[in-house]
Amino acid sequence: MSHRHTAYVGRFAPSPTGPLHFGSLITAIASYCDAKTHQGKWLIRIEDTDIPRIYPGSETHILACIDAFGFQPDGEILFQRDRLDLYENVLEQLKAQNLVYACQCTRKILGSNAIYSGTCRNLNLPFQNQAIRVKVKDQLICFDDRLQGIQCSNLAHDLGDFVLKRRDGIINYQLAVVVDDYVQGMTHVVRGADLLDNTQRQIWLGDLLGYPRLHYLHLPLAMNAQGQKLSKQNMAAALDLSKASQYIQQALAALHQPAVDLDTPDRMLKQAVAQWQLNHIPRQTRLAGTYL
Ligand code: GLU
């Protein structure tokens with residue numbers, strides 16, 4: 001299916017690294033309502049390239065949630081694990097253009113947060129069994145987030161050349177997300193503010209590949225009582241399918257949206273779309289209050 005001529009194509013792109021939690025629901029609802037208020041299409045993509053991090057059963061839970069919460073995607077659900085050839089092809093294209101290189105530096109040598117200094121950039125190492133990094137330039141990349149405003153980063157100063165494929169052969173999220181957003185004809189990305197600082201990497205990669213730029217909206221994150229964002233890693237509670245309607249009310253309240261009547265989830269989502277007020281969402285990276 002081609003969405004290339006639709007003015008708005010959005011998505012919800014969970015990773016099956018744990019069950020969906022309240023923060024995931026906020027992202028799902030906001031991306032859904034934003035797409036629907038623009039008469040857009042809304043697609044679901046399961047981002048499962050990082051096989052070692054897949055949490056058993058979480059994919060089933062994600063799919064059950066989509067159903068139980070009344071979401072109706074406008075196309076088939078796509079799984080990144082079925083598309084590894086596509087990402088490899090794009091890597092070949094980048095290799096042919098000399099935009100990437102093999103890197104033998106281990107995380108142990110580099111430290112986890114270090115800015116990569118380009119040690120391997122000019123070593124011309126063979127690609128076999130090495131990580132692959134994309135070259136970045138010393139230039140400011142900015143975008144105007146629809147909620148958070150102008151965001152700029154100089155990747156050379158803030159990050160350095162970054163990994164597209166790991167030494168263990170796993171395709172990095174940054175590459176898969178950029179390729180799929182393009183191939184699926186996405187125009188709009190609505191997701192959590194935890195990915196705000198990944199966006200310049202994705203813009204850089206998309207620019208290198210000649211893909212059109214997307215519109216971005218990064219939502220404030222739901223935090224737990226310990227001041228951490230709700231995440232699969234810190235054991236946020238799995239969404240309970242039997243409480244879908246109550247959760248929808250809570251998620252809309254968290255986004256400062258008008259209340260919807262307690263009803264079946266699909267009817268509640270319809271009302272949420274009809275009442276959607278993008279401007280009411282707090283222009284912050286964190287929501288006030290705490291969530292489970
Ligand atoms: N798969 C990513 C996650 O679960 C989201 C990717 C995106 O929306 O760009 O955090």
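The values are calculated or read from the model by the stated rules, or taken from the named source; none is laboratory data. These numbers come from a predicted model, not from an experiment. With ideal geometry, Cβ positions are generated from the backbone for all residues, glycine too; neighbour counts draw on all protein chains shown.
For the range 173-184, check the following and say yes or no: at least one residue is at pLDDT 95 or above and not in a helix (DSSP H, G or I). The answer is yes, given that some residue of the range 173-184 is at pLDDT 95 or above and not in a helix (DSSP H, G or I).
Cβ-Cβ contacts under 9 Å between residues 6 or more apart (or on different chains), taken from a first residue in the range 270-286 that is at positive phi to a second residue that is assigned to a helix (DSSP H, G or I) and modelled with pLDDT of 95 or more, are absent. Taking Ala225, is it of a type outside the set (D, E, K, R) and either in contact with a Cys (Cβ under 8 Å, 6 or more places away or on another chain) or without any contact (Cβ under 8 Å) to a residue 60 or more places away in the chain (or both)? So Ala225 does not fit the description; no.
Going through the range 20-34 one residue at a time, which ones are more than 9 Å from the ligand (Cβ to nearest atom) and closer than 18 Å to Leu78 by Cα? Lay out the reasoning, then the answer.
Filtering the range 20-34 down to residues more than 9 Å from the ligand (Cβ to nearest atom) leaves 20-23, 25-26, 28-30, 32-34.
Of everything in the range 20-34, those that are more than 9 Å from the ligand (Cβ to nearest atom) and closer than 18 Å to Leu78 by Cα turn out to be Leu20, Ala28, Tyr32.
Conditions tested, residue by residue: (1) modelled with pLDDT under 95; (2) touching a strand residue (DSSP E or B) at 6+ places or on another chain (Cβ under 9 Å); (3) in a strand (DSSP E or B).
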position	(1), (2), (3)
Arg45	no, yes, yes
Pro56	yes, no, no
His61	no, no, no
Ala64	no, no, no
Gly70	no, no, no
Leu84	no, yes, no
Glu88	no, yes, no
Lys95	no, yes, no
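I'd like to verify a number: residues in the range 160-172 that are within 11 Å of Leu205 (Cβ to Cβ) and either charged (D, E, K, R) or in contact (Cβ under 8 Å) with a residue 60 or more places away in the chain (or both), how many? Of the residues in that region, 2 qualify. Tell me, which residue of the range 187-226 that is more than 14 Å from the ligand (Cβ to nearest atom) and surrounded by fewer than 17 Cβ atoms within 10 Å (Cβ to Cβ) is nearest to Cys33 (Cα to Cα)? Applying the filter and picking the extreme gives Arg213. Which residues, taken from the range 277-291, are surrounded by 11 or more Cβ atoms within 10 Å (Cβ to Cβ) and either among the hydroxyl-bearing types (Ser, Thr, Tyr) or part of a loop (DSSP other than H, G, I, E, B) (or both)? Selection gives Gln277, Ile281, Pro282, Arg283, Gln284, Thr285, Leu287, Thr290, Tyr291.
Just one residue in the set Ile51, Ile29, Ile66 is of a type in the set (A, V, I, L, M), surrounded by fewer than 22 Cβ atoms within 10 Å (Cβ to Cβ) and closer than 28 Å to Leu255 by Cα; that residue is Ile66.
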